Amino acid sequence: KAGVTQTPRYLIKTRGQQVTLSCSPISGHRSVSWYQQTPGQGLQFLFEYFSETQRNKGNFPGRFSGRQFSNSRSEMNVSTLELGDSALYLCASSGSGYREKLFFGSGTQLSVL
Amino acid sequence: SQELEQSPQSLIVQEGKNLTINCTSSKTLYGLYWYKQKYGEGLIFLMMLQKGGEEKSHEKITAKLDEKKQQSSLHITASQPSHAGIYLCGAPMVGAQKLVFGQGTRLTINP
């Protein structure tokens, strides 16, 4: 089985712009979670989608949004980028999501200038 | 929200030495996951512990869950350069479909 695929791998944006990141889960997995990782805050949960519905949400501002398509692929969007949004964004998938191990992608490294 | 504290935050050991990383929760643990991460990359699943007292091993890495102490330990025997990286513990939040993670332990192996 192919693993979790995230695109793009690297991204450079300027303040005020918006960005869309993509995640393709492992085939058959219906739960997709997004995490933000920074040196200062560590790994922070953004949100989780299951069968096209957002099931859980972390404590991030509304500028961070996501969606999931019928084929379980997911996208996350960050609008009005700020310097502090520079981070490694990781996507993880699992079958049902509840107390299952997560399979992580390689991440998208976002730099905001 | 549940907090996971890892110790130490950073560890430098000589190749061949043993080492232990701890993960302590402020709340009751209902299972614990250990992951390894190479800098700037995704997390690689190592082990999942589901019951108190459970101990699992994979190659030279052993992890144990102590429910009473709300703590898990990860032990590496005869460390090798390939063990270098960031080790993270994660635990499921009660009633929520997500994992919370510790801050990570950065392990460096000196030849």
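The values are calculated or read from the model by the stated rules, or taken from the named source; none is laboratory data. Everything numeric here is computed off the predicted structure, so don't read it as measured data. Quick reminder, even Gly has a Cβ in these numbers, built from the backbone with ideal geometry, and neighbours come from all protein chains shown. Keep in mind that these areas ignore ligands, DNA and RNA; they rest on the heavy atoms of the full protein, side chains included. Shrake-Rupley method; radii C 1.70, N 1.55, O 1.52, S 1.80 Å.
Structure summary
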read-out: B:Lys60/A:Arg99 FRET efficiency (R0 22 Å; Cβ-Cβ; nearest 0.05); value: 0.20
read-out: Karplus-derived 3J(HN,Hα), 6.51/-1.76/1.60, for each residue of the range B:19-32, Hz, glycine and proline x; value: 8, 9, 10, 10, 9, 10, 9, 7, 10, 4, 8, 10, x, 8
read-out: Inter-label distance for B:Ser26 and B:Lys51, nm, one decimal - labels placed 7 Å from Cα along Cα-to-Cβ; value: 3.1
read-out: Cα-Cα P(r), the range A:21-113, percent of pairs per 10 Å interval; value: 18, 53, 25, 3
read-out: GNM top mover of A:Gln37, A:Gln17, A:Gln68 - chain A, alpha-carbon springs below 10 Å; value: A:Gln17
read-out: Whole-Å distance, taken between Cα centres, linking the range A:68-87 and the range B:33-111; value: 27
read-out: Label-point separation in nm, A:Gln44 to A:Ser70, each point 7 Å along Cα→Cβ; value: 3.6
read-out: Chain B, relative contact order [Cα under 8 Å, separation at least 6], %; value: 37
read-out: Selection of trypsin sites (Lys or Arg not before Pro), the range B:25-62, meeting DSSP coil and at most 10 other Cβ within 10 Å; value: B:Lys51
read-out: Residue-level accessible surface for A:Tyr49, protein heavy atoms, 1.4 Å, Å²; value: 10
read-out: Under 5 Å, built H, 5+ apart or other chain: amide partners of A:Thr5; value: A:Ser24
read-out: Flagged links, alpha-carbon separation over 31 Å, of B:Lys27/B:Lys60; B:Lys17/B:Lys51; A:Lys13/B:Lys27; A:Lys57/B:Lys38; value: A:Lys13/B:Lys27
read-out: Cα-based reach from B:Lys68 at 17 Å (exclusive), listing aspartates and glutamates while leaving out same-chain residues under 8 positions away; value: B:Glu3, B:Glu5, B:Glu54, B:Glu55
read-out: Listed residues A:Arg99, A:Arg63 arranged by accessible area, highest first, probe 1.4 Å; value: A:Arg99, A:Arg63
read-out: J(HN,Hα) series, the range A:74-90, from Karplus relation 6.51 cos²θ - 1.76 cosθ + 1.60, nearest Hz, glycine and proline x; value: 10, 10, 10, 10, 10, 9, 6, 4, 10, 4, x, 7, 4, 5, 9, 9, 10
read-out: Cα-based convex hull, chain B, per residue volume (Å³, whole number); value: 93
read-out: Calculated from backbone phi, Karplus (6.51, -1.76, 1.60) coupling profile of the range A:28-37 in Hz, x at Gly/Pro; value: x, 7, 10, 9, 10, 10, 10, 10, 10, 10
read-out: Cα Rg, Dmax (largest Cα-Cα span) when computed across the protein assembly as shown, Å; value: 17.4, 50
